[in-house]
Amino acid sequence: MKTLHRLIKQNRIWVILSVFMTFLSIITQFVWTVNIGKLADSIVAREKVGIKFVITMLIILLIICTSLYLKDMVNRYTSERMAHRLRMDFVKKILYAKTTDEIGSHEAMSKAQNELMQASDYMSNVLFDIVGMFLSGLFALFYLIFENVLLTAIILLTMVPIVIFVNIISKKLVPLANASMDKKAVHNKVAYSLISNFDIVKIFGAKDFFKGRYEKELDDWARTESKKERISAVCNSLSGILSQVPLLVLFAVSAIFIWKGHMTIGKLIIFINMLSSLLRSMMNLPSWMVSIKNFLVHLTRADI
């Protein structure tokens, strides 16, 4: 987390701008959803839809398109600045190392091929997308609680146990990710030793020794990586449950509310749209937790 905090601090102006553009995009889409709900209630009540309302909706749609474009552009630029800074810090540390023992050649090669590459790619392609979807889900949650706390509580009760379970099981990922990277560094060291001393290996006929050693280290890494991926698969498979159960609960409970006059069709449409934003976050929460834990491990290990 210290490394991520440092990168955010070094690019704080762009990070703040990215968060602002994300909120602007969320708010404009929320306004669109509310107006769609009003339109549905007007149609049910057989009320006339005026030209002023149509023009307003077109303006809102234009603002949504513009805000989404600007948000994506700013987010991509910010994330690439952070990834670039991480790469440059890595190179600077290698260039200014006082001795070769301070950063081993095999260690630098392994980190560049694995931890640095994965952390850099994650920041460039995934990090701000996850932040945007998380903020969208959080905003939707606050709206749903304000709009109908009882219905929201019923829906959340179906999701909380799954999220708690995922949080508990995903804690095993950090030590496994570290162990996997350690084992990968070891078999990279074997490969580097073989390449850098190939003439000596050939003279003394040590090819079979290095081959056996490399295969052993590779098998150890494969076993550790398999354990990590099994836990990841369990967490990710729960996304399907999180995406379906709350919607079934919503349709069952809201049908009763509409029949008793506690909710209109327009309110249901707004509720479904906002719940979709929340579900998109909740549904991906297991995989996010897995990927973020792996990202933080790679980021910490890449920061030599």
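The values are calculated or read from the model by the stated rules, or taken from the named source; none is laboratory data. Predicted, not measured: the structure shown is a model, and the values here were computed from it. For neighbour counting, all protein chains shown are included, and Cβ atoms are generated from backbone atoms with ideal geometry for every residue, glycine included.
Is there a residue being touching a helix residue (DSSP H, G or I) at 6+ places or on another chain (Cβ under 6 Å), among the small types (G, A, S) and in a helix (DSSP H, G or I) anywhere in the stretch 41-64? No, that holds for no residue. Please specify each residue of the stretch 41-67 satisfying the condition of being within 24 Å of M263 (Cα to Cα) and not aliphatic (A, V, I, L, M). The answer is D41, S42, R46, E47, K48, F53. Inclusion of I269 among residues that are in contact with a helix residue (DSSP H, G or I) (Cβ under 9 Å, 6 or more places away or on another chain), part of a helix (DSSP H, G or I), modelled with pLDDT under 70 and β-branched (V, I, T) is not warranted. Restricting E225, E217 to residues that are at pLDDT 75 or above, surrounded by 14 or more Cβ atoms within 10 Å (Cβ to Cβ) and of a type outside the set (S, T, Y) narrows the list to E225.
Total residues in the stretch 135-169 satisfying the condition of being surrounded by 15 or more Cβ atoms within 10 Å (Cβ to Cβ), at pLDDT 70 or above, under 18 Å from the mean Cα position of the chain (by Cα) and of a type outside the set (G, A, S): the figure is 2. Output yes when any residue across the stretch 52-62 is surrounded by 13 or more Cβ atoms within 10 Å (Cβ to Cβ), modelled with pLDDT of 85 or more and under 14 Å from L135 (Cβ atoms), and no when none is. No, the conditions are met nowhere in the stretch 52-62. Tell me whether the stretch 230-247 contains one or more residues that are assigned to a helix (DSSP H, G or I), of a type in the set (D, E, K, R) and modelled with pLDDT of 70 or more. Yes, that holds for at least one residue.
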